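Student: My questions all concern the structure below.
What follows draws every value from the coordinates through simple rules; no lab data is involved. For clarity, every value in this text was computed on a predicted model and none was experimentally measured. Note that each Cβ is placed from the backbone with ideal geometry, even for glycine, and that neighbours are counted across all protein chains shown.
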Amino acid sequence: MSKIDLEWLVTSDSITVYFEKPKNLPESFKYQILVNENIAGESDKTHFLMEGLDSSTSYDVQVNVVADGEILAESSRYHLCTNAAGKRLDVTKAPYMAVGDGNAMDTQAIQRAIDDCKEGEVVYLPAGTYKTGALRLHSDMELYLEEGATLQGTDEPEDYLPRIWSRFEGTEMLCYSSLLNMGELDHKSEPNCENILIRGKGTIASGGKNLAKKVIRLERELLKDELAALGDKIKECEKLDTIPGRVRPRLINISNCKNVRISGVTLKDGASWNVHMIYSDGIVTDHCTFYSKDVWNGDGWDPDSSSNCAIFGCVFYTGDDSVAIKSGKNPQGNEIGRPSRNIRIFDCKCAFGHGITIGSEMSGGVEDIKIWDCDMGDSLCGIEIKGTKKRGGYVRNVQVRDCKAARVLFHSVGYNDDGIGAKTAPVFEDCTFENVWITGRCLDHDGAYYDMDCMELIGFDEPGHALRNIVLKDIMLGIAGETKKQTVVLKACEGITIQNMSCL
């Protein structure tokens with residue numbers, strides 16, 4: 001009998017278990033969750049949230065895969081214990097006295113509560129709208145947003161000062177502080193901040209496109225001589241706002257951190273990317289909803305030269321990638337050489353946006369990525385692996401299973417191509433796609449659907465840098481009942497294995 005290895009996340013009133021999807025399951029099955037030897041529920045998801053539990057209490061938890069009354073796979077029985085209930089530091093009460101009316105600035109009150117928060121305590125935001133600028137978290141703390149609570153960042157750039165050392169689109173630089181900041185960036189260092197929990201049923205929002213426009217306008221004025229000196233080289237960038245736009249704050253900045261969890265909240269309107277983790281380890285995001293539909297570069301969740309990260313049970317309405325895995329840009333990304341590795345993405349849905357992306361900043365390498373039970377059907381790009389010929393680096397060991405996607409793309413892109421090129425082109429290799437439905441129907445930025453090639457499998461047309469060792473197994477193309485011709489584009493490929501590809 002197959003074994004299931006459980007992982008778990010605990011709070012004072014909940015336990016979440018999650019696990020990698022077993023292989024070779026029948027069409028009809030259920031995951032059966034047992035708590036203290038009693039059936040607590042059944043699910044078709046590889047995660048299960050148990051809420052309303054008693055604090056400081058032990059629970060025995062086990063998961064079985066059941067089909068037709070037969071157990072096909074099982075986990076061991078795990079003895080898990082909820083945390084002790086921490087003392088609440090209510091930001092609306094003395095000595096903090098945050099107003100929470102959406103008009104008064106509550107930055108100082110909330111920051112004081114954060115600074116006071118000790119291990120085992122909780123910064124608590126009851127229902128209300130808390131207008132604030134940049135806030136700085138620290139190790140061993142919890143931030144809880146009650147249902148109806150909104151931590152609302154302003155749209156004024158001065159509220160996100162001072163600038164901090166960060167990384168955007170693959171290059172380290174001084175950027176505006178994000179709304180929530182943790183850790184200090186240092187690519188030569190191990191984690192310097194750890195054990196942070198952000199959770200609840202509230203909303204964390206920033207100034208969105210208004211904040212972005214103001215930052216870009218200020219930065220353009222500061223850089224006017226440098227931008228003028230670039231001349232035609234500015235065309236190597238995606239657009240004229242690319243260089244001044246790189247200093248925009250994110251919604252949540254996680255630098256050199258370990259063991260950070262973001263759970264249950266709505267994440268909204270970062271001025272660029274929403275959750276960005278750099279040189280970090282063990283970052284988990286679950287049961288969150290992302291909104292940034294009208295924000296340029298409005299990515300949802302971006303692990304950047306980070307490891308052992310997971311996202312699950314999340315829904316995306318984003319102005320760019322739902323998830324974008326990165327590892328730096330040439331030449332700095334090649335020199336630093338910190339890959340992103342062991343990233344897991346499961347049970348996530350793109351309702352609007354680009355889908356799941358690796359790159360284009362991947363000069364430090366990306367490896368060991370597992371994606372399962374995701375719906376990227378309503379997206380622009382589906383599942384995309386991309387770079388430019390100048391990047392160097394590699395993408396390898398990507399496994400995609402039991403997913404729906406608008407498209408599957410391996411290709412080179414022409415934007416964000418400034419910078420000195422690496423000595424060799426990138427390598428994309430050793431990737432598997434199994435039981436994936438590719439519709440060939442994309443959702444654009446205007447909310448309109450249009451037909452595209454189902455797959456582009458395009459390597460780099462230099463010797464030794466072709467796309468290689470790609471396995472496609474049980475692939476379904478198109479939409480049932482439609483007569484559109486389904487197409488797969490192959491170029492500069494070596495060792496493409498196809499096992500059972502069919503048109504619906």
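Student: Find the residue count for segment 155-206, including only residues that are surrounded by fewer than 16 Cβ atoms within 10 Å (Cβ to Cβ), basic (Lys, Arg) and within 22 Å of Ala324 (Cβ to Cβ).
Tutor: 0
Student: Is it the case, given these coordinates, that Ile262 is within 28 Å of the chain's Cα centre (by Cα) and either surrounded by fewer than 24 Cβ atoms within 10 Å (Cβ to Cβ) or assigned to a helix (DSSP H, G or I) (or both)?
Tutor: No; evaluated as a whole, the condition is false for this residue.
Student: May I ask you to list the residues in segment 411-431 that are in a strand (DSSP E or B) and surrounded by fewer than 24 Cβ atoms within 10 Å (Cβ to Cβ)?
Tutor: His411, Ser412, Val427, Glu429, Asp430, Cys431
Student: Right, something else. Taking segment 440-471 on its own, how many of its residues are β-branched (Val, Ile, Thr), touching a Lys or Arg at 6+ places or on another chain (Cβ under 7 Å) and more than 16 Å from His411 (Cα to Cα)?
Tutor: Looking only at that region, the number is 0.
Student: Can you tell me which of Ser43, Ser76, Ser14 is more than 30 Å from Val123 (Cα to Cα), touching a residue at least 24 places away in the same chain (Cβ under 8 Å), in contact with a Lys or Arg (Cβ under 9 Å, 6 or more places away or on another chain) and among the polar types (S, T, N, Q)?
Tutor: Ser76
Student: I'm trying to understand the selection: among the residues of segment 177-203, which are part of a strand (DSSP E or B) and among the small types (Gly, Ala, Ser)?
Tutor: Gly200, the sole residue that qualifies.
Student: Can you list the helices (runs of 4 or more DSSP H) found entirely within segment 204-245 that contain at least 1 residues being closer than 30 Å to Val265 by Cα?
Tutor: 208-222, 242-245
Student: Among the residues of segment 391-426, count how many are without any contact (Cβ under 8 Å) to a residue 40 or more places away in the chain, of a type in the set (D, E, K, R) and within 16 Å of Ile470 (Cα to Cα).
Tutor: Summing the residues that are without any contact (Cβ under 8 Å) to a residue 40 or more places away in the chain, of a type in the set (D, E, K, R) and within 16 Å of Ile470 (Cα to Cα) in segment 391-426 gives 1.
Student: Restricting to segment 29-51, and then to whatever is touching an Asp or Glu at 6+ places or on another chain (Cβ under 8 Å) and of a type in the set (S, T, N, Q), can you tell me which residue is nearest to Leu143 (Cα to Cα)?
Tutor: So, considering only residues that are touching an Asp or Glu at 6+ places or on another chain (Cβ under 8 Å) and of a type in the set (S, T, N, Q), the one nearest to Leu143 (Cα to Cα) is Thr46.
Student: What number of residues within segment 128-149 are aliphatic (A, V, I, L, M), part of a loop (DSSP other than H, G, I, E, B) and under 12 Å from Lys118 (Cα atoms)?
Tutor: Number of matching residues: 1.
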